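The structure appears right after this line, and notes come after that.
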Amino acid sequence: MSVVIETKALEKIYSESKFPVHALRGVDLQVHKGEFTAIVGPSGSGKTTLLNIIGGLDRPTKGRISVGGVDIAHLSDNELIEFRQKNIGFVFQSYNLIPVLTAKENVEFIMLLQNRSKEERIRRTESLLNRVGLGDRMDNRPGEMSGGQQQRVAVARALASSPQFILADEPTANLDSKTAGSLLDMMLEMNREEGTTFVFSTHDSRVIRRARRVITLVDGLIDSDEIREQ
Amino acid sequence: MGAISSLLVLSWRNIWRNKRRTAITIASIAFAVFFATILGSIQKGAWDNTVDNVVKFFHGYLQVHKEGYSEDRTINKAFPLTEELLQAGSMDGIDGTAPRLESFALASYKQYTKGALVIGTDPTNEDKMTDLKNRLVEGQYFDKSRDEAMIGEGLAKYLNMGVGDTLVLIGQGYHGANAAGKYPIVGLLKFGSPELNKRMVYLPLSTAQYLYSADGLVTSLALIPSSREVAERLEPGLKSKLSEIGYEVEGWQDMIPELVQVRELDTIGAIVITMILYAIIAFGIFGTILMMTAERRYEFGVLVSIGMRRWKLALMVWMEIIFLALIGVLIGFLLSYPVVLYLHHYPITFTGEAAAAFEKFGTEPIMPASLSLSVFVRQVLVVFLVTAVLACYPIININRLKVVEAMRS
C-alpha cells in the first residue's frame with residue numbers, strides 16, 4: 001500500500017507564552033492508503049496538534065511532513081489552501097456545515113471551489129448523499145437535521161473533493177451512541193469497500209474499538225502503535 | 001451555479017442569518033440616505049432656483065460682448081450684430097437672442113435727478129429671456145416701435161413721477177457724443193433688489209441706440225438657451241469660436257461670481273452636515289461589521305481549512321456588506337423620493353421677513369427640491385464608498401486569520 005501521510009521527527013513548540021510548550025517532540029509516522037486509523041491519547045498529548053499539522057492547518061517547528069509525497073510544510077499559505085481543498089477531507093467535531101446552505105449545497109460547495117462542472121457536481125452530490133443515507137434530506141438545511149445527519153453530510157462533504165484521506169477530529173464526540181455507531185458503520189463500509197483512508201483523533205472507546213490501527217500519543221510522542229487484524 | 005454566483009447566494013443568505021441585526025443596519029443606512037437625499041435635493045433645488053432666478057432676471061445664461069467688455073463695461077465697446085453673431089444665436093440649443101445696449105445716464109424729473117442704468121432691448125426677446133412683463137406693477141409693457149420707457153418703481157418714487165410723466169435722460173453716448181432724450185413712462189417695474197428698483201430704465205433698443213448715438217450697435221448679445229445645462233455645454237465651444245473673431249463669451253458663472261462663491265460655500269456646509277450624518281451611521285454599520293466578524297471567526301476558520309481561498313471568503317463578506325448597503329440605499333430612496341417629488345411640486349414657501357430677504361436678491365421666496373439624478377447618484381456613491389471602506393476591516397481580518405487559532409475560538 002502506498003504511503004499517504006509521512007512524518008519524520010516532527011516537532012511542534014508553542015512559544016507564545018512565557019514558557020514554551022512542546023506539543024510534539026519528534027513524531028515518526030506513516031499512514032498508508034486504505035487505513036482506518038485512530039490517534040488517541042489523553043488531553044494535552046498532542047493529538048490535535050498532530051492532526052492540524054497533518055491537515056496542513058498548522059506548520060511544524062521541526063521535522064518533515066509529507067502528504068501524498070508533497071512536503072506541505074514548505075507550501076505557501078495559498079498553496080496550502082489549494083492543497084487542502086484537493087487532497088484532504090475534513091470532518092469536525094461540531095459538523096461545521098454552512099448553516100445557510102442545504103445538505104446538497106454544502107456537499108456541492110467544495111466542488112464549486114474546485115471548479116468542477118455542474119453535471120459532475122450534481123451527480124456526485126446526489127450519489128454521496130445517497131451513500132450516507134440522506135437521499136431524502138438533500139434540501140434540508142443543517143438546522144433542520146439531527147446531529148447524526150449533519151455529521152453524515154459533513155462526511156459526504158469531506159468525500160466530495162475526492163481527497164487522498166479524511167481527517168476527522170473527534171467526529172462522534174457530539175453524537176449519542178446509536179448515532180455514533182451508525183456513523184462509524186458507514187465510514188468503515190466506505191473504508192472497506194472503496195478504500196477511503198480515515199485518520200481520527202478520538203477519545204471515544206467505540207471508535208477506538210473499531211479502528212484497524214490505534215496510535216497512542218503521550219506527551220507529544222508516539223507511545224504505542226497497534227495494528228489490528230480485522 | 002458558478003463559483004461567484006454561489007458566493008452571491010451565500011452572501012445573500014448570510015445577511016439574513018441574524019434578521020434583527022440586518023434590519024437595524026439596513027434601517028440606519030436607509031435613514032441616512034433618506035435625510036441626506038432630502039437635504040441634498042432641497043439644497044440643490046433651492047440654489048438652482050436662486051441661480052435661475054438671478055440669471056433669468058437679468059443676465060441670461062450666456063452673453064456675447066466685444067473683447068475686453070467684462071473688464072471695462074463702457075458703451076465704447078459696443079459692436080454691430082454681424083452675421084457670425086446671429087449664426088451663434090441660431091445654433092442648436094439656442095432658442096433666441098436678446099441684444100442689449102447698456103449704459104448709464106442721469107434720469108431726471110422736475111427738480112429730482114438720479115443716476116440710472118439704461119437698458120435698450122428688444123421687448124419681446126427680453127420678456128422671453130427675463131420674464132420682464134411679469135415685473136410690471138403699473139401701466140403697460142413697452143413697445144419697440146415707440147420711444148417710451150419703463151422704470152423701476154423705486155426710481156419712480158425717488159423722482160416723484162408716475163405712468164404718463166416724461167423722463168429726461170442725460171448722459172454720454174458712443175465715443176463721447178452727447179446723449180439726451182425725453183421719454184414718456186408707460187410702465188413701472190418691481191425688482192426684488194431695492195438697488196435695482198432705484199436704478200433701472202428700460203428703452204426699446206432702437207430708442208436707446210438713437211439716444212447714445214450708437215446706431216445699429218449693442219453692448220451685449222444675450223443668448224437664450226433651452227436650459228442651463230445646454231448653456232453650460234455650449235459655453236466652451238462658443239468661447240473658443242467667438243474669441244477668434246474678437247468677441248468674449250461670458251457664462252452665468254462669469255457674470256455672477258459672487259453667487260457662485262456663496263453657492264459653493266453653502267454646498268460645502270451641506271456636505272459637511274451630510275458627512276457628519278454618514279459618519280454617525282458609519283459607526284453603526286461598523287458596529288455590525290465588528291460583531292459579525294467576531295461571531296464568525298470560527299466559521300471563517302472552517303471555510304479556509306476546507307479549502308476556500310481567502311480572497312473568495314473576503315469577497316463573500318464584502319458582498320454581504322454591499323448587499324446591506326444597497327438594500328438600505330434602495331429603501332432610503334423609496335422613502336425619500338415621494339417626499340422629494342412633493343417638495344419639488346409644492347416647494348417650501350417663505351412668508352414675511354424671510355420672503356422679503358429672498359426678494360431682496362431677486363429670487364422667489366421658495367425652496368423647491370431638485371429631482372436631479374446627481375443628488376441620488378451621489379448618495380449611492382457615498383454609501384458605497386463608506387461601506388466599501390468599512391468592509392476593509394473583515395477583509396483585513398480574513399487575510400490575517402490564523403486558521404488554528406480561529407477554530408480554537
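Could you pull out the residue among B:GLU299, B:GLU320 that is in contact with a helix residue (DSSP H, G or I) (Cβ under 9 Å, 6 or more places away or on another chain), under 30 Å from A:ILE81 (Cβ atoms), in contact (Cβ under 8 Å) with a residue 12 or more places away in the chain and within 14 Å of chain A (Cβ to nearest Cβ)? Unique residue meeting the criteria: B:GLU320.
Note on region A:189-230: among residues that are of a type in the set (Lys, Arg) and assigned to a helix (DSSP H, G or I), the one that is surrounded by the most Cβ atoms within 10 Å (Cβ to Cβ) is A:ARG210.
Scanning region B:16-37 for residues that are within 11 Å of chain A (Cβ to nearest Cβ) and at pLDDT 90 or above returns a single hit, B:TRP16. With a requirement of 2 or more residues that are in contact with a Gly (Cβ under 7 Å, 6 or more places away or on another chain), the helices (runs of 4 or more DSSP H) lying completely within region B:154-260 that satisfy it span B:194-197, B:205-211, B:228-243. Number of residues in region B:198-231 that are over 29 Å from B:MET150 (Cα atoms) and free of Cβ contacts under 8 Å to residues at least 60 places away in the same chain: the value is 1.
Of the residues that make up region A:126-139, is at least one within 13 Å of chain B (Cβ to nearest Cβ), surrounded by fewer than 23 Cβ atoms within 10 Å (Cβ to Cβ), out of contact with any strand residue (DSSP E or B) (no Cβ under 8 Å at 6 or more places or on another chain) and under 28 Å from A:ALA38 (Cα atoms)? No, that holds for no residue. Being in a strand (DSSP E or B) and free of Cβ contacts under 8 Å to residues at least 12 places away in the same chain, is that true of even one residue in region A:168-188? Within region A:168-188, not a single residue is in a strand (DSSP E or B) and free of Cβ contacts under 8 Å to residues at least 12 places away in the same chain. When we screen A:ALA103, A:ALA154 for residues that are more than 14 Å from chain B (Cβ to nearest Cβ) and closer than 21 Å to B:VAL304 by Cα, the only hit is A:ALA103.
The condition of being surrounded by 15 or more Cβ atoms within 10 Å (Cβ to Cβ) and closer than 12 Å to B:TYR109 by Cα holds for only one of B:LEU211, B:LEU203, B:LEU189, B:LEU169, that being B:LEU169. Evaluation of A:ILE122 against the conditions (1) of a type outside the set (D, E, K, R); (2) part of a loop (DSSP other than H, G, I, E, B); (3) at pLDDT 90 or above shows that the sole unmet condition is (2). Considering region A:109-119, and only residues there that are in a helix (DSSP H, G or I) and more than 8 Å from every other protein chain (Cβ to nearest Cβ), the residue that is nearest to the chain's Cα centre (by Cα) turns out to be A:MET111. Within region B:101-118, the set of residues being surrounded by fewer than 22 Cβ atoms within 10 Å (Cβ to Cβ) and assigned to a strand (DSSP E or B) comprises B:GLU102, B:PHE104, B:LEU106, B:SER108, B:TYR109, B:TYR112, B:THR113, B:LYS114, B:GLY115, B:LEU117. Applying the criterion of being farther than 20 Å from A:LYS47 by Cα and among the hydrophobic types (A, V, I, L, M, F, W, C) to the residues of region A:159-174, the residue that is farthest from the other protein chains (Cβ to nearest Cβ) is A:LEU159.
The values are calculated or read from the model by the stated rules, or taken from the named source; none is laboratory data. Remember, predicted model here, so these are calculated numbers, not experimental data. With ideal geometry, Cβ positions are generated from the backbone for all residues, glycine too; neighbour counts draw on all protein chains shown.
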